[in-house]
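Right, one structure below, let's go through it.
Please treat every number below as a calculation from the coordinates, not as lab data. Everything numeric here is computed off the predicted structure, so don't read it as measured data. A quick note on method: Cβ atoms are made from the backbone with ideal geometry, for glycine too, and the neighbour counts reach across all protein chains shown.
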Amino acid sequence: MDIKTHWSTVYQTKAPNQVSWYQEYPALSLQFIEQTGIDHDAPIIDVGAGASTLVDHLVQIGYQNLSLLDLSGEALQEAQARLGTAAAALNWIEGDVTQVELPKHHYALWHDRAVFHFLTDPIARARYVEQVRQTVRPGGHVIVATFAPDGPEQCSGLKVARYDAASLHGVFGSPFEFVRSTNESHQTPWGSEQRFVYCYCRVQDRR
């Protein structure tokens, strides 16, 4: 089974609130995004958006220029159905973040909670980092959350890579300037604990 089929099957067989990463209120993601101070009309991309509720909260707050990227079309359809008429104003992208074509130096903010740690292949990780480098504008914001060193070794039947803030930033390197990080103890819908690390960087303006 290829990776796209894997994630399509996940969303065909489970409700959005039955997957381990589900958050009714994504508090840390919202906190990081709001604290960047970007304008509400600045372009934001949520990578691995899936059926996450983050987009609902961003729309409610007033963010308008949102792109939602996921490998699973089924997951995006779940979010679109939930948002109703508000979905039409958003940009929905079905594709692999390491391969999909995105506009160069366009996004003011890149957000990813729980995609990057699935990239266990060094080549895929390098492609991801290059995608961020090419698509986030100079001075832009990058928020990536992964499993922490004491987090799960597998998720949804797939092996994952685990990071602390230093090792996560080390994968990205220059020109990403580390700003801050924090840890999260996430409770799954069935009550188990998953440990995450959130890392926030700025893209240095070298012009």
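Over region 126-207, what portion of Cα pair distances is larger than 21 Å, expressed as a whole percent? Let's see the in-between values first.
Numbers: 1130 of 3321 pairs.
That tail contains 34 percent of the Cα-Cα pairs.
Calculated FRET efficiency, Lys159 and Glu101, Cβ-Cβ r, R0 22 Å, to nearest 0.05? Please report the intermediate quantities before stating the final value.
Numbers: r = 28 Å, r/R0 = 1.26.
Working from the Cβ atoms, E equals 0.20.
At a Cα cut-off below 28 Å, give the lysines reachable from Lys104, other chains included and same-chain residues fewer than 8 away excluded.
Within the straight-line cut-off, Lys104 pairs with Lys4.
Please give the calculated 222 nm ellipticity per residue for the chain, where each DSSP H segment of at least 4 residues contributes -39500 (n - 2.57) and the sum is spread over every residue; nearest 500 deg cm²/dmol?
Numbers: 6 runs with 61 residues, N = 207.
When only DSSP H runs of four or more count, the value is -8500 deg cm²/dmol.
Along the positive direction of the dipole of the chain (beta-carbon charges: Lys, Arg +1; Asp, Glu -1; about the Cα centre), which of Gln99, Leu28, Ile3 reaches farthest?
With unit charges placed on the Cβ atoms, the residue in question is Gln99.
Identify all aspartates and glutamates with a Cα-Cα distance to Lys159 below 17 Å; exclude those on the same chain that are fewer than 8 residues away in sequence.
Straight-distance partners of Lys159: Asp2, Asp121, Asp150.
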